[in-house]
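Take a look at the structure below.
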Amino acid sequence: MIIALLAITSGIALIWVSAEKLENYSVHAAREFGFSPFFIGSTVIAFGTSAPEMLTTFFVSLENKGSMVIGNVIGSNVANLSLVFGSMLLIVSLKKLRIKQEVAIQKNLLILLVSGLLIWLIIAVDPFNIASSFILLTSLILVISFWYKNGVSDESESESESDVDLPRFVSLKLTLSLVFLVFAAWLITFGANKILDEFSLGELFIGYTVLAIGTSLPEIAASVSLALKGRYETVTGTLIGSNIFNGLCVLAIPGLFMNPKMSLGWSYSEWSPLLFILFMITFIFAYYIFSVSKKERNASILLSSLFLSSYFVSLYFAY
């Protein structure tokens with residue numbers, strides 16, 4: 001048990017540091033090409049902060065623990081919107097600041113909702129099938145293509161970003177950050193499996209809690225940091241992109257193994273309440289961002305409390 005806790009604690013600490021470094025160096029690299037804040041948030045930062053979910057899913061898939069994979073994906077997405085966005089709203093409301101979003105974000109909110117429904121459908125039918133993986137990955141490519149075509153900054157923004165001095169050896173530092181991230185993900189997976197064996201807890205619950213919270217820490221760190229700097233558009237882009245990456249990319253990994261053992265012990269009925277909670281908070285998130293894109297408004301402590309409490313409500317159904 002001590003070894004498991006040490007592995008998970010070390011993995012989480014290493015994920016926090018390496019994901020933050022990965023995010024920073026990724027942003028520096030992306031700025032060279034003149035991309036907008038939303039595009040950087042929804043792709044570069046979102047990919048960086050979703051890398052732990054991808055890597056832990058890969059290692060868990062090697063163990064044929066399909067329920068733990070689904071728990072990681074759904075738990076991470078719920079945590080992103082409930083804990084991460086809820087924390088951001090709380091910080092902004094305590095600072096008595098106002099939130100605004102660009103009108104262009106409305107199309108991305110629609111993409112988020114449609115991808116959420118697709119993820120729900122895939123999980124309901126068969127999340128461990130190669131055909132499901134193909135559908136998810138094809139959808140991800142289409143989404144990234146759309147973001148790329150609509151993600152180039154205007155001239156003024158590109159000029160302001162070009163004034164920032166880039167650190168040396170960005171590519172090398174980016175690679176090293178990813179290597180440490182891989183090792184951190186393995187540590188968390190190793191510790192989670194130890195706890196699973198020690199206490200005979202369900203794969204669903206371990207995936208939804210230990211893996212999901214551990215791998216969502218980069219999103220929490222990045223979003224809180226960006227919120228304190230007033231970069232709300234980038235925070236929103238990170239959350240939208242991260243949830244889409246988690247669903248369309250991370251969820252596609254198990255099916256690529258084409259192993260029937262992956263679905264042993266899997267039951268959709270156990271997940272339907274959690275999927276319903278995920279879609280409801282996604283809808284509330286999308287509606288709120290849509291409303292602030294039409295009119296700037298104050299952040300609500302009540303709404304932040306709703307988001308923060310929704311994760312703890314979902315834990316009841318996961319357990």
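What follows is calculated from the coordinates using simple rules that are stated; it is not laboratory data. Remember, predicted model here, so these are calculated numbers, not experimental data. Cβ atoms come from the backbone with ideal geometry, glycine included; neighbour counts cover every protein chain shown.
Here is how the numbers come out for the structure above:
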item	result
Set Lys95/Lys295; Lys95/Lys294; Lys21/Lys261; Lys21/Lys96 screened for pairs whose C-alpha atoms are more than 27 Å apart	Lys21/Lys261; Lys21/Lys96
Residue order, fewest to most surrounding Cβ atoms within 10 angstrom, among Phe276, Phe169, Phe257	Phe169, Phe276, Phe257
Per-peptide average of other Cβ atoms within 10 Å, ordering 250-256, 310-316, 12-18 highest first	250-256, 12-18, 310-316
Summed residue charge, Cβ within 12 Å of Thr57's Cβ, Lys/Arg positive, Asp/Glu negative	-1
Burial ranking of peptide ranges 93-99, 130-136 (average Cβ count within 10 Å, highest at the top)	130-136, 93-99
